[in-house]
Amino acid sequence: MPKNWIIQVDNYFNANPTCIIATAYVKTFPTDLPLEPNIREPNRRSATYRQILDSVTTQPAKFFERHSGIVLCANKVKPNKNKTELQLEILEGCEGGSDGIINGGHTVLAFEQARTYNYDLSQAKVKVTIHIGLNEAEAKDIALASNTTSPVDSRSKVNARGDYEFIKQHLAELERTEDRKFRIAYYQNQSGAPRNAQCNINHLFKLINCLDRNRYNPDGNKRTKHPTGTSTPSQITDTERARLTKLLPLLTNALWIEQRLYEIIQEHISNPRRKGVNDLASIDTRKNTLLPDSKYSFGFGAPTDLALPIIASYRVFLDENYNWIIPFEELAEKFLQHLWTNYYRKYLISEKTAGNTVGTKICRNSEIWESLYISAQSYLNQHLMKMVNSTKSDELVLNRS
């Protein structure tokens, strides 16, 4: 059943048949309105929230002039006879609607906090714009276009457009079939999602991009020889979605490589050559790292891009249709140990010895990407030669018999 909220107003007018603009009283403004159409959740630690709270509590009488207002969406709006109240009928997502706060979540949170601390808000008023009868797409469009006092990250905008649905469905299927749980932040200030950078949806895109052997091929004439770019999509086109969908089956492999690399690093720093000394660049033993799969947490901090060059080298073992030339289960552990022992461990130790940090510079270090890729090619060639020699031996035995 639709729910009703009451907004007490000083005055209001109809800007058009489906939009009401009102001057509402802050002290009675409903703070439990749903955030259904909003593209991010309010954050008590943000500068935006603190500025609004300070404004409404220190100079409440001037709040109306200083604040841009709140934007709402309601299924229906009914004034009372005295025109001192507006009754909002709200349809939430579970009821097929998308009503609630479109823009102004931080403002409403500040109202709630001010009332909790018993500030005198009797002189405070706020402009409220109420759109009536919008569908979900229209509400999201207004939310995206609304001016905010702090920037909305591109991830939140992509999520608001519904462009992440294909990957959400894939992860839901993995959770169901493989008995695992993912912790992924799809939008800004998402409650229940860790702030750890490895749990950002953009990190998942980087992981699967590393395995795109068709787009990133050093043997071709393309400029993009390695997936070293750190930019993330601000919009996912149909073409890009089709490409990523083909790569999605490889996400489980990419996650395994990252997780296993972190386990190897954990083993390395747990048994250092010199007691109490960590010899790996940018590995901070005072921090913790969470990975997207909720099974894996590690007692050290690491750069977000730490595993990317290693994951990217595995694309050598994929054919044009993204099938493994060598079964991944047969390849994964041995090749990772090969890279760690002969290349990556030495790279991180040398950078630490030189007093450098790697961090995001990993993606600008073309030498490490190139050396790992060449190592993968050599590893593949050796494996194929063994297969050929084995076949010849079998044929020779058959001929003799």
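The values are calculated or read from the model by the stated rules, or taken from the named source; none is laboratory data. Model, not experiment: these values are computed from the prediction. Backbone-built Cβ (ideal geometry, glycine too); neighbour counts: all protein chains shown. Calculation scope for accessible area: heavy atoms of the full protein, side chains included, ligands and nucleic acids excluded. Shrake-Rupley method; radii C 1.70, N 1.55, O 1.52, S 1.80 Å.
Assorted remarks:
- For region 151-248, alpha-carbon Rg relative to the globular expectation (2.2 N^0.38 Å, N residues): 1.15
- Taking every alpha-carbon pair in region 265-401 and binning the separations at 5 Å intervals from zero gives 2, 8, 15, 18, 16, 14, 9, 6, 4, 3, 2, 1, 0, 0 percent.
- Residue with peak Gaussian network fluctuation, the chain [Cα springs, cutoff 10 Å], from K168, K157, K334: K334
- Summarising the amide proton neighbourhood of L318: residues at separation of 5 or more, or on other chains, whose placed amide H is nearer than 5 Å comprise I325.
- Pairwise alpha-carbon distances in region 330-390 exceed 15 Å for 59% of all pairs.
- Dipole of the chain, positive direction: furthest Cα of H203, I349, L308, with charges on the beta-carbon: I349
- Of all the options R260, R213, R180, the one that moves most in a Gaussian network model of the chain with Cα springs shorter than 10 angstrom is R180.
- If you plug the beta carbon distance of R364 and N11 into 1/(1 + (r/R0)^6) with R0 = 60 Å, you get a FRET efficiency near 0.55.
- Here the 3J(HN,Hα) profile of region 251-267, calculated from phi with Karplus coefficients 6.51, -1.76 and 1.60 at θ = phi - 60°, is 4, 4, 5, 4, 4, 5, 4, 4, 4, 5, 4, 5, 5, 5, 5, 4, 5 Hz, Gly and Pro shown as x.
- In order along region 328-334, phi translates into HN-Hα couplings of 4, 4, 6, 8, 3, 5, 4 Hz, rounded to whole numbers, per the Karplus curve 6.51 cos²θ - 1.76 cosθ + 1.60 with θ = phi - 60° and x for Gly and Pro.
- Taking Cα atoms only, the orientation of helix 47-58 departs from the longest principal axis of the chain by about 20 degrees.
- Surrounding net charge for Y25, when Lys and Arg each add one and Asp and Glu each subtract one, Cβ distance under 13 Å: +1
- Label separation (K3 vs T357): 4.4 nm, computed from points 7 Å beyond Cα along the C-beta direction.
- Dimensions of region 119-207 from C-alpha coordinates, computed as largest minus smallest value along each principal axis and given longest first, are 56, 33, 23 Å.
- Using a cut-off of 30 Å between Cα atoms, the listed pairs K3/K62; K206/K287; K78/K168; K140/K287; K225/K295 include K3/K62; K78/K168; K140/K287; K225/K295 as exceeding that distance.
- Here the simple spin-label model places points 7 Å from the Cα toward Cβ, and for S234 and T116 these points are separated by 3.6 nm.
- Using the Karplus relation 6.51 cos²θ - 1.76 cosθ + 1.60 with θ = phi - 60°, the per-residue 3J(HN,Hα) values for region 107-112 come to 5, 5, 4, 5, 4, 4 Hz, with x marking Gly and Pro.
- Charge dipole of the chain (Cα centre as origin; +1 on each Lys and Arg Cβ, -1 on each Asp and Glu Cβ, all else neutral): 1060 debye, rounded to the nearest 20.
- Measuring nothing but alpha carbons in region 169-324 and taking Rh as the Kirkwood radius, the Rg to Rh ratio lands at 0.98.
- Long pairs among K81/K157; K27/K181; K27/K81, criterion Cα-Cα beyond 30 Å: K81/K157; K27/K181
- Only protein atoms count toward the accessible area here, which uses a 1.4 Å probe; on the chain, the carbon and sulfur part of that area reaches 47 percent.
- The peptide list 273-285, 304-316, put in order of mean Cβ contacts within 10 Å with the highest first, becomes 304-316, 273-285.
- Projecting the Cα atoms of W5, I167, Y262 onto the charge dipole of the chain (Cβ charges, centred on the Cα centre) puts Y262 farthest toward the positive pole.
- Backbone N under 17 Å from the K246 label point (7 Å along Cα→Cβ), restricted to region 309-324: 315-324
- Theoretical FRET efficiency, 1/(1+(r/R0)^6), r = Cβ-Cβ of Q51 and Q377, R0 56 Å, to 0.05: 0.50
- Per DSSP, loop chymotrypsin sites (Phe, Trp or Tyr not before Pro) in region 45-125 with at most 14 further Cβ within 10 Å: Y117
- Residue among F328, V56, A185 farthest towards the positive dipole end of the chain, charges placed on Cβ: V56
- Reach of K386 by Cα under 26 Å, taken over lysines that are not fewer than 8 positions away in the same chain: K334
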